[in-house]
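Enquirer: Dumping the structure here so I can ask a few things about it.
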Amino acid sequence: MNTNRLSPRLEKALSDQMNTEDLQSRTYFSYGIWAADKGYNGISNFLFRHAQEERDHAVKFMQYVLNRGGKPTITALPAPNDEPQSLTECFDLVFKHEVENTTAIYKLVDIALEEKDWASWNFLQWFVKEQIEEETFAMDLIDKLKIAGGDRASDESLFTLDKTLENAPDDAELAQNATGANP
């Protein structure tokens, strides 16, 4: 008996998003490595923690597909894009990635709605809410850097920004703590 409760189209789309989240994680790791190399250890740590959060999102997609009787497909991932040339570019790229991810999540919601797959639609609402937080986080990074002086910020301002991000709360939820009510 076939126990897969996902259409082939939605199963593939969810698997694709799982891989996208994994690529996002790798991208944030690469930005974190770039920041560490530039001496921004607080910013680096912040980006590394965010990379873990993106990986946890990939695991949530994997677990959901498995829980619905599907089989997620892992694909080869490209290397992250070239590293940023400045903190402004780094934070702008973070925002760009989050906006692209929001668009991808919305496409998944559209598919679930078209197929009247209410379980998947409900699952995806967590990600809709999460993307609001992700975009806000990225805009906050851009704003903090602008307040510090952007690429012309003083060493003291950049040091303060670096320390602020190093001590920022870690909001990443562990994937193993996911439940049906809190995917």
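The values are calculated or read from the model by the stated rules, or taken from the named source; none is laboratory data. Bear in mind the structure is a predicted one, so any value in this text is a computation, not a measurement. Heads up, the Cβs are rebuilt from the backbone with ideal geometry, glycines too, and the neighbour counts pull from every protein chain shown. These area figures cover heavy atoms from the full protein model, side chains too; ligands, DNA and RNA do not enter into them. Shrake-Rupley method; radii C 1.70, N 1.55, O 1.52, S 1.80 Å.
Enquirer: Here are some residues: THR20, THR3, THR27. Which one is open to solvent by 70 Å² or more (accessible area, probe 1.4 Å) and of a type in the set (S, T, N, Q)? Quick ask: steps written out before the conclusion?
Expert: Details: THR20 fails: open to solvent by 70 Å² or more (accessible area, probe 1.4 Å); THR27 fails: open to solvent by 70 Å² or more (accessible area, probe 1.4 Å).
Criteria check complete, one pass: THR3.
Enquirer: Further, regarding this structure: Looking at the structure I just gave you, is SER30 of a type outside the set (Lys, Arg), over 21 Å from ILE132 (Cβ atoms) and touching a residue at least 60 places away in the same chain (Cβ under 8 Å)?
Expert: Values: of a type outside the set (Lys, Arg): yes; over 21 Å from ILE132 (Cβ atoms): yes; touching a residue at least 60 places away in the same chain (Cβ under 8 Å): no.
No.
Enquirer: Among the residues of the stretch 53-66, is any exposed (fewer than 15 other Cβ atoms within 10 Å of the Cβ), aliphatic (A, V, I, L, M) and in contact (Cβ under 8 Å) with a residue 24 or more places away in the chain? Quick ask: steps written out before the conclusion?
Expert: Within the stretch 53-66, the first condition is being exposed (fewer than 15 other Cβ atoms within 10 Å of the Cβ), and the residues that meet it are 66.
In the following step, the residues that additionally are aliphatic (A, V, I, L, M) were identified as 66.
Next, only the ones that are in contact (Cβ under 8 Å) with a residue 24 or more places away in the chain stay: none.
No, that holds for no residue.
Enquirer: Right, here's the next one. Is it the case that some residue within the stretch 105-117 is modelled with pLDDT under 95 and within 19 Å of the chain's Cα centre (by Cα)?
Expert: Restricting attention to the stretch 105-117, the residues satisfying the condition of being modelled with pLDDT under 95 are none.
No; the residues of the stretch 105-117 include none that is modelled with pLDDT under 95 and within 19 Å of the chain's Cα centre (by Cα).
Enquirer: Does the stretch 68-78 include one or more residues that are surrounded by 12 or more Cβ atoms within 10 Å (Cβ to Cβ), at positive phi and at pLDDT 95 or above?
Expert: For the stretch 68-78, residues surrounded by 12 or more Cβ atoms within 10 Å (Cβ to Cβ), at positive phi and at pLDDT 95 or above: present.
Enquirer: Is there a residue being open to solvent by 20 Å² or more (accessible area, probe 1.4 Å), at pLDDT below 95 and not basic (Lys, Arg) anywhere in the stretch 125-134? Even if it seems obvious, please write down each step before you answer.
Expert: As a first pass, look at the stretch 125-134 and keep what is open to solvent by 20 Å² or more (accessible area, probe 1.4 Å): 125-126, 128-129, 132-133.
From what is left, the residues that are at pLDDT below 95 are 133.
Subsequent filtering for residues that are not basic (Lys, Arg) retains 133.
For the stretch 125-134, residues open to solvent by 20 Å² or more (accessible area, probe 1.4 Å), at pLDDT below 95 and not basic (Lys, Arg): present.
Enquirer: Still on this structure: Name the helices (runs of 4 or more DSSP H) wholly within the stretch 60-171 that hold at least 1 residues that are within 25 Å of MET18 (Cβ to Cβ)?
Expert: Because the criterion is at least 1 residues that are within 25 Å of MET18 (Cβ to Cβ), the helices (runs of 4 or more DSSP H) in the stretch 60-171 that meet it are 87-114, 118-148.
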